[in-house]
Amino acid sequence: MKTIIEPFKIKSIEPIKFTSAVQRVEILRKAFYNPFLIPAEDVLIDLLTDSGTSAMSAKQWAGIMDGDESYAGSKSFYRFEHTVRTLTGFKHIIPTHQGRAAEKILFSIVGGKTKWIPNNTHFDTTRANVEFTGAEAVDMLNEIGKHPNLVADFKGNMDIAALGKFIEERGAENIPLCMITVTNNSGGGQPVSMENIRHTKKLLQKYGIPLFIDACRFAENAYFIKLREQGYAEKSVREIVKEMFSYADGCTMSAKKDALANIGGFLAMNDDDLAQKSRNLLIVTEGFPTYGGLAGRDLEAIAQGLDEILDEDYLRYRIRSIEYLGEKFSAIGIPIVQPPGGHAVYIDAKNLLPHIPPHEYPGQAVVSEFFRRGGVRCVEIGSVMFGKYDPKTGTLISPSMELVRLAIPRRVYTQSHIDYVIEVAEEVFHNRKNLKGYRIIEEMPTLRHFTAKFECLT
Ligand SMILES: Cc1ncc(COP(=O)(O)O)c(C=O)c1O
């Protein structure tokens, strides 16, 4: 059969609320045009994030009931630890309440002033956690990954030549570790090839610098390797995942993505000393090492989710449904990051709205219009999220891309929901020339996109 269907059926449902266009104008105004400030109840199709929004399976819910809530040494922890260790091969498995808590612990130990942390592209929380310690977060994305409309198989790859030059210039002693984010969320959800991970490791090994994987979407990345990289078509996703992790010395993970859980994360590593320091910090900030900020039931849901995510029928459907949305957007004429990534379609707002300059936030204009037209919530990944002010002149320094991400929650929406989003997108496209830019009227110094307030320019 040509049609790739959802490899599950629906057992429990949650109603969604329809609003009128007039109501949506008011909702947007009250939220100061920031999608994070819109009450979820007022959203019809929520594509704000794929994080923590997955629909859990019957077996995960059964695990929730079966969770062992003992403070120390719960059986749920041992199941969780065994699952993660089998999957990744790492010696120390440290549960955290979500991905950024793992980042916070890791960078509190290895970060600090005069330190540099390279990554293909840091996610916003990773960057924030690095910079919070006084260290500097550096992105080293391969050139092709910076061009939204160029099609290539592995646009998330690290620029290994640039990384080598950087290490020589700054000194290996100032680079406590290097990260690779799979898939590369901030750069369009693009995958990283096995070859690139292997070569990055080889380079780092020469200098004694550990490699950590930001593993949030490890299974989607592994499936892309199976589809696109020579020599992997016949390997199982589990084998590919094992090989990916075999090149790393540790990882940070948000279980809210490819563990199909609504909360959770972990930090894993081989280094005994780093693990000891991490557990000490964990006890202060998260909890005892056998629960680390989570309930026993959450650990069960994560362990179960980590098994389910490797189901290749699921991954085939997952990657194809994102591709489907991307193909339809392209057919309408909406410029997107090509090819579509693993968890989201990213609209190239700079190209869609050339009349709105980066300092007037073209991505924010697209986000508002998706909501106004059809109650679809998405998010800007551009100058709002990553823009910085020049300390001397106060002018905005924009990132290279102005993107809008429509992230697809896992196992939540059916094809008719997605077809509705496509209809909304068509209207947004036809009205694009009338869209206006935005001005920020209130913002916080870090992670400003979560709370900033906007005003529409007239
Ligand atoms: C690549 C990447 N790293 C880290 C994180 C942080 O994870 P969490 O939201 O669980 O703190 C995210 C979340 O979206 C992410 O996409």
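Provide, for q = 0.20, 0.22 Å⁻¹, the log10 of I(q)/I(0) from a solvent-free Debye sum over equal Cα point scatterers in segment 303-435.
After summing over all Cα pairs, the log10 values are -1.11, -1.27.
Anything over 32 Å Cα to Cα? Flag those among Lys257/Lys392; Lys242/Lys453; Lys392/Lys453, in the order listed.
Lys257/Lys392; Lys242/Lys453
Normalise the Cα radius of gyration of segment 159-245 by 2.2 N^0.38 Å (N = residues in it) and let me know the number.
1.13
What shape does segment 1-132 take by its C-alpha gyration tensor, where a ≥ b ≥ c are the square roots of the eigenvalues and a/c under 1.5 counts as rounded, a/b above b/c as prolate, and the rest as oblate?
Note, shape of segment 1-132 comes out oblate.
Summing -39500 (n - 2.57) over the DSSP H runs of n ≥ 4 in the chain and dividing by its residue number, what mean residue ellipticity at 222 nm do you reach, to the nearest 500 deg cm²/dmol?
-12500 deg cm²/dmol
Determine the dipole magnitude for the chain: charges of +1 sit on the beta-carbon of Lys and Arg, -1 on that of Asp and Glu, nothing else is charged, the reference point is the Cα centre, and the result goes in debye to the nearest 20.
Computed about the Cα centre, the dipole is about 320 debye.
Would you kindly find the accessible area of Ile283, with a 1.4 Å probe and non-protein molecules such as ligands, DNA and RNA excluded, rounding to the nearest 10 Å²?
For Ile283, the solvent-accessible surface is approximately 90 Å².
Of the heavy-atom accessible surface of segment 1-144 (probe 1.4 angstrom), what whole percent is carbon and sulfur?
About 60 percent, which is the carbon plus sulfur part of the accessible surface.
Using a 1.4 Å probe over the heavy atoms of the protein chains, calculate the carbon and sulfur portion of the accessible area of segment 304-371 as a whole percent.
The computed percentage sits at 47.
Pop the C-beta distance of Thr114 and Ala162 into the FRET formula with R0 = 22 Å and round what comes out to the nearest 0.05.
Efficiency, from the Cβ-Cβ distance: 0.60.
Can you give the Kirkwood hydrodynamic radius of the chain from its Cα pairs, in Å with one decimal?
Result for the chain stands at 22.5 Å.
Calculate, for Ala172 and Thr395, the FRET efficiency according to 1/(1 + (r/R0)^6) with r their C-beta to C-beta distance and R0 41 Å; round to the nearest 0.05.
Efficiency at R0 = 41 Å is approximately 0.75.
Relative contact order for the chain: what is it in percent, counting Cα pairs under 8 Å that are at least 6 residues apart?
23 percent
So, for segment 1-82, what is the accessible surface per residue at a probe of 1.4 Å, expressed in square angstrom?
67 Å²
Using alpha carbon centroids, what distance separates segment 26-85 and segment 332-411, in Å?
First find each Cα centre; the distance between them is then 25 Å.
In what sequence, highest mean first, do 30-38, 426-434 appear when ranked by Cβ atoms within 10 angstrom?
30-38, 426-434
Picking from Ile441, Gly111, Gly171, whose Cα lies most toward the positive end of the charge dipole for the chain (charges on Cβ: Lys, Arg +1; Asp, Glu -1)?
My answer, from the dipole projection, is Ile441.
So, in nm, how far is label Glu234 from label Arg316 when the simple model puts each one 7 Å beyond its Cα toward the Cβ?
Modelled inter-label distance: 1.9 nm.
Skipping prolines and chain starts, which residues have an amide H placed within reach, meaning under 5 Å, of the one on His343, given they are 5 or more residues away or on another chain?
none
Amide H to amide H, which residues 5 or more places from Glu136 or on other chains are under 5 Å from it, using H placed in the peptide plane?
Those lying under 5 Å, H to H, from Glu136 are Lys115, Trp116, Ile117.
For Thr3 and Trp61, what is the calculated FRET efficiency with R₀ set at 25 Å and r taken between the beta-carbons, to the nearest 0.05?
Once the sixth-power term is evaluated, E becomes 0.30.
Regarding segment 1-65, what are the three Cα extents along the principal axes, ordered largest first, in Å?
Taking the Cα atoms of segment 1-65, the three principal extents are 41, 37, 19 Å.
Top to bottom by accessible area (1.4 Å), largest first, where do Leu281, Leu141, Leu150 land?
Order by accessible area, largest first: Leu150, Leu281, Leu141.
Could you state the accessible area per residue of segment 172-298 in Å², with a 1.4 Å probe and every protein chain left in place?
Averaged over the residues of segment 172-298, the accessible area is 34 Å².
The values are calculated or read from the model by the stated rules, or taken from the named source; none is laboratory data. As the structure is a prediction and not an experimental result, all values here were calculated from the model. Because the Cβ atoms are built from the backbone with ideal geometry, glycine has one as well, and the counts that use them run over all protein chains shown. The area values use the complete protein model at the heavy-atom level, side chains included, leaving out ligands, DNA and RNA. Shrake-Rupley method; radii C 1.70, N 1.55, O 1.52, S 1.80 Å.
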